[in-house]
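Reading through the structure tokens given below for one structure.
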Amino acid sequence: MKKQKSFVYRCSACGHEEPKWLGRCPECGEWNTLIETAISGRGGPGTGYNSGSGGGRSGSIPRSFPLSSIDPEEGSRIGSGIPELDRVLGGGIMKRSAILVGGEPGIGKSTLLLQAAAAAETKGRILYISGEESAGQIRMRADRLGLLGNSAGNGSAKGSSLGDRIEICCSGRLEDINALLESVKPVLIMVDSAQTLFTAEAGMVPGTVNQMKYCSFELISWVKEHDAALFLVAHVTKEGIISGPKTLEHMVDTVLYFEQNEGDSRFLRAAKNRFGSVDEIGIFTMGEKGLSAVEDTSLLFLVRREGDLPAGVATAAVLEGSRTLLVEIQALTVPAKGSMSRVFSDRIDSARVSRVAAALEKHLGLRLSDQDLYVNVAGGIRINEVGVELALGCAIYSARTGLPLPAGLVIAGELSLTGEIRPVRRLAGRIKTAKGLGFERFIGPEEGAEMVRDIKSAIKLIFSKK
């Protein structure tokens, strides 16, 4: 009988396996990346097999359970101690979940994790794993943020200091981390960052796609089997998306993105959330004491000016999750410099701007096809909600005609391709927020506001006195 081979040749770049050595990987095309790797006895190299019994990865026969017998409290949440973070997560950190946090360098990802570790409402121990900073640098940041000045009063034992509750490990080697997890048994694990994790079983070069997938899956498997939660920090590319395989986003339960405007404001959004909504947004400001939640966001994105509004400016009431924000939409039209007109808009989807401009040209006879359109949102926040479309159309109309909108006016509504104004969610809450900030008029598609049915009637109502 032919003896079965106990090793394979695995590509250190993509993870592809071959029974014999090749100079070039047939999967990714990289040269000299196939490395001899032993085959594990638990069903393949690094499968991280979960037996289903919660007793580890021994490879025993898995067990199934009736759905009715499972305790619904098994997936209870841990309060992070940061209300804006809890808002985006859907009410707190879900146990046995993995959370991926991405953002540009220096935006505050490490600061957010350290503050969450200090404020987490849990009695258990917290393990902060850093492959990018030394222990002294982490301690200096904690001192600068004032995290060690108070006792850990968020549910920890009386008299124990916060510094004793947080364990620091400055290593990216997976074997060392696994041994530490079994020793410390933390309830929260912070990994900064996923690109620094490595193991010899996934190749010799840290930071490769295969290393990220292998090491992240091992850590995710551990928290799934224990009553813990995992935060993974990930770098982003020039395009602003998380670097590495898209598979990494599929492996975790929640994907958070940190964004920054031109000032000190930071926006935390969920691109994926298995345990909550992806519509919520967390708003922070960065200061000497780290990230601070913005409690009153009502006037954060409005430009304070005296007198009449300039042409091309409209105030919109939009929803970001459960909160209403008033934002200033700014539009500018100039003759096209080439044979084709272009749209420049990074805060509102350029396709949405083009659709609104086409509806204006069709139903109002406003010529925009020979104009370059520039659209901005004051404060640098990105708007995805459809309720901004009527205000966007009014801003473009104002910019093209040179007629300013009246001061003290807020607009909300969805503009369809037929020129009709469609209803939007929670219009009463938008009206209440606008009146609370001193705005006298509100134009929208439902009762309670100055009701408009189509774009023609809206433009006539707004600019009739002009």
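What are the residues whose amide H is under 5 Å from the amide H of residue 275, where those residues sit 5 or more places off or on another chain and H is modelled from the backbone?
Residues meeting the criterion, in which the H sits 1.01 Å from N, do not exist here.
Show the residues, 5+ positions off or on another chain, whose built amide H is closer than 5 Å to the amide H of residue 78.
Result for residue 78 returns 93, 94, 95.
Go through the chain and flag any cysteine with no other cysteine's C-beta closer than 4.7 Å, please.
When partners are defined as cysteine Cβ atoms under 4.7 Å apart, the chain leaves 169, 170, 215, 394 without one.
Collect residues whose amide H, placed 1.01 Å from N in the peptide plane, falls under 5 Å from the amide H of residue 371; neighbours closer than 5 in sequence don't count.
The answer is 336.
Put +1 on the Cβ of each Lys and Arg and -1 on the Cβ of each Asp and Glu in the range 279-374; which of 282, 292, 309 then has its Cα farthest toward the positive end of the dipole?
Of the options given, the answer is 309.
Dipole magnitude of the chain about its Cα centre, charges +1 at Lys/Arg Cβ and -1 at Asp/Glu Cβ only, in debye to the nearest 20?
Here the size comes out at about 620 debye.
Which FRET efficiency value, to the nearest 0.05, is calculated for residue 428 and residue 294 with the Förster distance at 22 angstrom and r the Cβ-Cβ distance?
Computed FRET efficiency for residue 428 and residue 294: 0.40.
Which residues does the label zone of residue 367 cover in the range 396-429, counting backbone N under 16 Å from a point 7 Å along Cα→Cβ?
Only 400-402 pass the distance filter.
Ranking 295, 30, 328 by Cβ neighbours within 10 Å, fewest first, what do you get?
295, 30, 328
Just report the Cα centroid separation between the range 231-281 and the range 329-351, whole Å.
Their Cα centres are 27 Å away from one another.
Full extension from residue 121 to residue 339: what is 0.36 nm times the residue separation minus their Cα-Cα distance, to one decimal in nm?
Answer, rounded to one decimal: 72.5 nm.
State the antiparallel share, in %, of DSSP beta bridges confined to the chain, rounding to the nearest 5.
Working: 46 of 82 bridges.
Within the chain, antiparallel bridges account for around 55 percent of the total.
Give me the dipole magnitude in Debye, nearest 20, for the range 216-286 about the Cα centre, with unit charges on the beta carbon: positive for Lys and Arg, negative for Asp and Glu. Show your work: numbers first, answer last.
Numbers: 7 positive and 11 negative charges, 32 e Å.
It works out to roughly 160 debye.
Along the range 124-131, what does the Karplus equation 6.51 cos²θ - 1.76 cosθ + 1.60 (θ = phi - 60°) give for ³J(HN,Hα), rounded to whole Hz, x for Gly and Pro?
x, 8, 10, 10, 9, 9, 10, x
Sum -39500 (n - 2.57) across every DSSP H segment of at least 4 residues in the chain, then divide by the residue count to get the 222 nm mean residue ellipticity, nearest 500.
Mean residue ellipticity, 222 nm, calculated: -7000 deg cm²/dmol.
In the range 329-366, which trypsin sites (Lys or Arg not before Pro) fall in coil by DSSP and have 14 or fewer other Cβ atoms within 10 Å?
337, 342
Report the one residue of 207, 237, 459 whose Cα lies farthest in the direction of the positive end of the charge dipole of the chain (charges on C-beta: Lys and Arg +1, Asp and Glu -1; origin at the Cα centre).
The one lying farthest along the dipole's positive direction is 459.
Convert each backbone phi in the range 86-101 into a coupling constant with the Karplus relation 6.51 cos²θ - 1.76 cosθ + 1.60 (shift: θ = phi - 60°), then list the ³J(HN,Hα) values in order as whole Hz, x for Gly and Pro.
4, 4, 6, 6, x, x, x, 7, 6, 5, 6, 10, 10, 10, 9, 10
Quote to one decimal, in nm, the extra length available between residue 277 and residue 65 on full extension: 0.36 nm per residue of separation minus the C-alpha distance between them.
Residue separation times 0.36 nm, minus the Cα-Cα distance, leaves 73.5 nm.
Every number here is computed from the coordinates shown, using simple stated rules; none is lab data. What you are looking at is a predicted structure, and each value in this text was computed from that prediction instead of being measured. All Cβ positions, even for glycine, are placed from backbone atoms using ideal geometry, and neighbour counts span all protein chains on display.
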